[in-house]
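K.L.:
The structure that follows is given in the form of structure tokens.
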Amino acid sequence: MLKGKHIILGITGSIAAYKAAMLCRLLKCAGCEVRVVMTPMAKQFITPLTMATLSRNPILVDFFDPENGAWNSHVSLGEWADCYLIAPATANTLAKMATGVADNLLLTTYLSARCPVAIAPAMDLDMYAHTTTQHNLAALRSTGVAVIEPGEGELASGLTGKGRMAEPEQIVAEVERLLGEKKKSLSGRRFLVTAGATMEPIDPVRYITNHSSGKMGYAIAGELARRGAEVTLLSGRTALPTPDGVEKVETLSAADMYTAATKRWSESDGAVMCAAVADYTPARTAATKIKKGDGDMSILLRRTEDIAATLGRDKGGRLLAGFALETDNELANAEAKLAKKNLDFIVLNSMRDSGACFRGDTNKVSIIDRDGRTDHPLMTKREVAALIVDRIESCLNR
Ligand code: CTP
């Protein structure tokens, strides 16, 4: 797992720097390429000669070589690395990291690094427990830095407590874990997904709805969440469990769904409109159960708002995808909806395709955008969801 990985090992001025020699050795034995950056103070604790010999690379301390002026580029070093490991990390260094101080090469490299960063703090127990240190660690954690907790035991001061740098084997295992975590492709993105059938109340016991099961929309919400997105699922009537990592908001009527969607649209990166939204709702909902009379009855229906079209009018740079379920004139109808609702793409289902109808676990779709149409074979709804989220990713990366 670590074979061939590029690791920057940052060493700061702590007595635990002696363990950095073993750490470097373990990383090398695991097949990593290691480049060592030291703070000027770290040189007092372990010699550059030791670290250069073990890492088989020159040690970097200064911004440039005073002999010949050669520049040690923290930017290219940051780009080179798969992981930046600072071990030991003193209270001073982690305070500087938390506040963006950049007064040595180790710190400028931290600010330039695009790779995962891990730190192994080492200090006396009171320094470690101090509110300021804990505050700095919390700030670093919140930016994604992995903090490898120090152990408890005898400290250089002679006191006993928490502050000993974690053992090298444990640190290597943590680096391995960190590199094994695949960066999720949609981390930091927020999506709205509408799903299921809306219910339009006629009276307290009756409503107008449709056959949509919500399976397709729920599968898409789950897939977006699996890829790291923050997902709010605006759900009409379904009997489905909420997918892991998804926030579900129950929006039973078209009007509820409209209010919830428009409220959240400005803070979203995109929306997938899967819900089967009623186009008409009873003009009046009776407060009590309607009693039958002798003759026929009619209910006046009023148009609902088109949620997708409303979001499309205020689209900005956001992504908007919709669905079209058609029984005839499929392509022309889907293309008209693509344009009318200002969608980036539309997923067409035809009721004429077997295996693509309501409630089932399979679907057969065509994805249509302004450049044309791609037809896909019959697949599970989960596979279709992956296909749609792939398309979303390629639109976002365009
Ligand atoms: N949609 C919506 N709000 C509505 C109606 C539809 O957001 N009030 C969305 C659906 O979620 C879907 C797309 O618009 O993504 C197309 O829905 P569809 O019911 O196929 O089309 P309509 O626009 O309602 O047109 P028609 O019923 O005439 O086919």
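K.L.:
Which one of these is without any contact (Cβ under 8 Å) to a residue 40 or more places away in the chain and surrounded by fewer than 20 Cβ atoms within 10 Å (Cβ to Cβ): D203, D279? Step through it out loud before you land on a result.
P.N.:
Working: D203 fails: without any contact (Cβ under 8 Å) to a residue 40 or more places away in the chain.
Exactly one residue qualifies, and that residue is D279.
K.L.:
Looking for something at pLDDT 95 or above and either under 23 Å from S213 (Cα atoms) or not basic (K, R) (or both) - is there at least one such residue anywhere in the stretch 352-365? Before the answer, list the steps.
P.N.:
We begin by selecting, within the stretch 352-365, every residue at pLDDT 95 or above; these are none.
No: the stretch 352-365 contains no residue that is at pLDDT 95 or above and either under 23 Å from S213 (Cα atoms) or not basic (K, R) (or both).
K.L.:
Check G316, G312 and return the single one that is within 27 Å of the chain's Cα centre (by Cα) and under 22 Å from D256 (Cα atoms).
P.N.:
G312
K.L.:
Quick one: which residue in G4, G13 is under 24 Å from G151 (Cβ atoms) and outside any helix (DSSP H, G or I)?
P.N.:
G13
K.L.:
Residues to consider are A81, A87, A113, A129; find the one that is surrounded by 15 or more Cβ atoms within 10 Å (Cβ to Cβ) and closer than 29 Å to L155 by Cβ.
P.N.:
Unique residue meeting the criteria: A87.
K.L.:
When the residues of the stretch 279-315 are narrowed to those that are within 12 Å of the ligand (Cβ to nearest atom) and hydrophobic (A, V, I, L, M, F, W, C), which ends up nearest to D203 (Cα to Cα)?
P.N.:
I307
K.L.:
Only residues that are more than 7 Å from the ligand (Cβ to nearest atom), among the basic types (K, R) and surrounded by 17 or more Cβ atoms within 10 Å (Cβ to Cβ): list them for the stretch 316-341, please.
P.N.:
Once the filter is applied, which keeps residues that are more than 7 Å from the ligand (Cβ to nearest atom), among the basic types (K, R) and surrounded by 17 or more Cβ atoms within 10 Å (Cβ to Cβ), the stretch 316-341 yields only R318.
K.L.:
When you check A225 against the structure, is it away from the ligand (no atom under 13 Å from the Cβ), in a helix (DSSP H, G or I) and not aromatic (F, W, Y), yes or no?
P.N.:
Yes.
K.L.:
Still on this structure: Of the conditions (1) surrounded by fewer than 18 Cβ atoms within 10 Å (Cβ to Cβ); (2) closer than 21 Å to K3 by Cβ, N68 satisfies every one except a single condition; which number is it?
P.N.:
All conditions are met except number (2).
K.L.:
Right, next: Pull out all pairs, ordered by first then second residue, where Cβ-Cβ is under 8 Å, the residues are six or more apart or on different chains, the first lies in the stretch 247-261 and is under 20 Å from A219 (Cβ atoms), and the second is among the basic types (K, R) and outside any loop (DSSP other than H, G, I, E, B).
P.N.:
Correct list of pairs: empty, since none qualify.
K.L.:
Okay, next question. Here is a list: D294, D306. Which entry is modelled with pLDDT of 95 or more, surrounded by fewer than 18 Cβ atoms within 10 Å (Cβ to Cβ), of a type in the set (D, E) and out of contact with any Gly (no Cβ under 8 Å at 6 or more places or on another chain)?
P.N.:
Numbers: D306 fails: surrounded by fewer than 18 Cβ atoms within 10 Å (Cβ to Cβ).
Step by step, each of D294, D306 is checked, and only D294 is modelled with pLDDT of 95 or more, surrounded by fewer than 18 Cβ atoms within 10 Å (Cβ to Cβ), of a type in the set (D, E) and out of contact with any Gly (no Cβ under 8 Å at 6 or more places or on another chain).
K.L.:
Can you tell me which residue among T285, T262 is over 16 Å from the mean Cα position of the chain (by Cα) and within 23 Å of R313 (Cβ to Cβ)?
P.N.:
Within the list T285, T262, the selection yields T262.
K.L.:
Which of the residues that make up the stretch 340-370 are more than 30 Å from the chain's Cα centre (by Cα) and either assigned to a strand (DSSP E or B) or farther than 23 Å from E383 by Cβ (or both)?
P.N.:
K340, S350 - these are the residues of the stretch 340-370 that are more than 30 Å from the chain's Cα centre (by Cα) and either assigned to a strand (DSSP E or B) or farther than 23 Å from E383 by Cβ (or both).
K.L.:
Any idea how many residues of the stretch 303-337 are free of Cβ contacts under 8 Å to residues at least 12 places away in the same chain and part of a helix (DSSP H, G or I)?
P.N.:
Selection size over the stretch 303-337: 3.
K.L.:
With the structure loaded, tell me whether E152 is assigned to a strand (DSSP E or B) and either assigned by TED's automatic domain parsing to the domain that holds A42 or surrounded by fewer than 16 Cβ atoms within 10 Å (Cβ to Cβ) (or both) or whether it fails that test. Explain how you work it out, then say what you get.
P.N.:
On the way: assigned to a strand (DSSP E or B): yes; either assigned by TED's automatic domain parsing to the domain that holds A42 or surrounded by fewer than 16 Cβ atoms within 10 Å (Cβ to Cβ) (or both): yes.
It is true that E152 is assigned to a strand (DSSP E or B) and either assigned by TED's automatic domain parsing to the domain that holds A42 or surrounded by fewer than 16 Cβ atoms within 10 Å (Cβ to Cβ) (or both).
K.L.:
Looking only at the stretch 173-196, count how many residues are surrounded by fewer than 22 Cβ atoms within 10 Å (Cβ to Cβ) and of a type outside the set (D, E, K, R).
P.N.:
7
The values are calculated or read from the model by the stated rules, or taken from the named source; none is laboratory data. Note that the coordinates shown come from a computational prediction; the quantities given were computed from them, not determined experimentally. Reconstructed Cβ throughout: ideal geometry from the backbone, glycine too, with neighbour counts over all protein chains shown.
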